[in-house]
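**Q** Once you've had a glance at the structure underneath, I'll fire off some questions.
The values are calculated or read from the model by the stated rules, or taken from the named source; none is laboratory data. Predicted, not measured: the structure shown is a model, and the values here were computed from it. For neighbour counting, all protein chains shown are included, and Cβ atoms are generated from backbone atoms with ideal geometry for every residue, glycine included.
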Amino acid sequence: TLSVLGPDGNTITSNDLALDDDFKFISSIPTGGLLWSSLGEYTIKVTGKDANTFSAKFDFVPFVLPDWVKTNAGWWSKDQIDDSTFASGIQYLIKEEIIRIQDRQSEGSDTVTEIPSWIKTNAGWWNEGLISDSDFVKGIEFLIENRIIIIS
């Protein structure tokens, strides 16, 4: 069993594990929602059928983007800067690992195709504080995963 304990010691999530022949496992842990809103030290605890346990600790810190990105998003949502300028700011954040995109493939050059209008709406909402940094980044991840913004 894989369990995650919050800073208060209460169990946030618990999943049964399937081990492979080498006694290894892969598990994903969803980290959204109110149960993950407390800052502090969390514990991942793995308990085997033989009652042996392994645990690891990690700190949960809030995800915050630099203020200039939010300013750019607001300008972009009001058509005060173009798609390419907005995308350049996002590309900078990814290259500097301020935003981390897993499993991205390199391309020959940075390119931007037309960005869907709902992303621009999200940018405006984010600039106004109506959605979180994390929700805004999910939209950016969509752009990259669907190769609308390509980062090299």
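**Q** Those residues that are more than 27 Å from ASP135 (Cβ to Cβ), surrounded by 10 or more Cβ atoms within 10 Å (Cβ to Cβ), hydrophobic (A, V, I, L, M, F, W, C) and within 23 Å of the chain's Cα centre (by Cα), I need them from region 32-59; list them, please.
**A** none
**Q** Another question, if that's okay. State all residues of region 11-24 that are surrounded by 10 or more Cβ atoms within 10 Å (Cβ to Cβ) and without any contact (Cβ under 8 Å) to a residue 12 or more places away in the chain; if no residue qualifies, say none.
**A** Residues satisfying the conditions are THR11, LEU19.
**Q** Please enumerate the residues belonging to region 53-77 that are closer than 17 Å to LEU5 by Cα and either in contact with a Phe, Trp or Tyr (Cβ under 8 Å, 6 or more places away or on another chain) or assigned to a loop (DSSP other than H, G, I, E, B) (or both).
**A** LYS57, PHE58, ASP59, PHE60, VAL61
**Q** Can you pull out the residues in region 61-80 that are surrounded by fewer than 16 Cβ atoms within 10 Å (Cβ to Cβ) and of a type in the set (D, E, K, R)?
**A** ASP67, LYS78, ASP79
**Q** While we're on this one: So, ILE29, is that one part of a strand (DSSP E or B), surrounded by 12 or more Cβ atoms within 10 Å (Cβ to Cβ) and not assigned by TED's automatic domain parsing to the domain that holds GLY124 or not?
**A** Judged against the criteria, ILE29 is not a match.
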